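The values are calculated or read from the model by the stated rules, or taken from the named source; none is laboratory data. No experiment lies behind these values; they were computed from the predicted model shown. All Cβ positions, even for glycine, are placed from backbone atoms using ideal geometry, and neighbour counts span all protein chains on display.
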Amino acid sequence: MKRMKQGRGKPREMEKKIRDFLKGAAGTTGASEGEQGWLHPEEKRKQETLAFLRTERRKLRFRPRKSFAERLLAQASWMSPGAWIGQLAVLVFFFLLLGNTGWNRRDTLLLVTACTPLPGVIGLVELLRSWQSGMWELEEACRYHLRQIQGMRLLVFGIADSIGVAAVFVMGFLEGYAAELLLLFFLFPLLVSDSVFLLLAKAFRKGARGLVPVLGGLGMGIFWMYQASWLQDVPGTLEEYTAPGTLTALLAGSVCLLAFACARFLNETDKEEQGLWNCA
């Protein structure tokens, strides 16, 4: 009987020792050894390391965080000069088309509509430069990861395109073009073309510096030229599509499509990065 009682007592004593040990090892974080009593050697080294890191961190001088406007300007300055030259050349070309008095309005609108995919082709090549040059992994390891960088690049091109669209509209008004014609033959195909290029960006990545985007832009230009010819040649069609309700619906749909294309482009960028980093 005594042996049984002693056997029962040993586990209780052992449990008490374990509890006392855990209480001593789980001292208050950041407190000194005198305040929290006995510390386990591992816990003591942990507290010393944390105190050392806090001290060293106070000595460091971090660079101030850039504002959003500064980051946008930095992205604009890091983009290829060829992209900006191409955008400017396209804008000048639109000015020449609208200002040419030797052509009739029908032919001018055909050419303007056919050239609306050009800004999208230039922007697409610049956006996919990270994958084409093999720099996407380095950009992903930067302070602002690849999705943020691509989002800022999209915004930079969006601002540049908005300025270009406003300039084309001013030029068109000066040459006597009606607002509904510029909206239907210029702005609408421009928005849809940009949306299609962003939706197909993943398929264009390997050929970003080759003929793939150029051929895509050429195909879009032929398609829009055919549509512009159909709108002007079929009696009553132009009046139907330039009606306020129809034109508003077309523009609203194209804006929604562009927003969806931008969101999908950024989401696919994020998913592909995670898949490649995880060796998926």
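General observations
- Hits in segment 186-232 - residues which are crowded, with 20+ Cβ neighbours inside 10 Å, at pLDDT below 80 and more than 23 Å from Phe93 (Cα to Cα): Phe204
- Answer residue from segment 238-277, given it is of a type in the set (S, T, N, Q) and in a helix (DSSP H, G or I) and is modelled with the lowest pLDDT among those: Gln274
- The set of residues in segment 76-110 that are aliphatic (A, V, I, L, M) and touching a residue at least 40 places away in the same chain (Cβ under 8 Å) comprises Ala76, Met79, Ala83, Val90, Leu91, Leu98, Leu109, Leu110.
- Count of segment 45-92 residues which are among the aromatic types (Phe, Trp, Tyr) and at pLDDT below 75: 2
- Single residue of segment 143-200 satisfying the filter (in a helix (DSSP H, G or I) and hydroxyl-bearing (Ser, Thr, Tyr)) that is nearest to Asn104 (Cα to Cα): Ser193
- Checking Pro235 against (1) assigned to a helix (DSSP H, G or I); (2) at pLDDT below 90, the condition it does not meet: (1)
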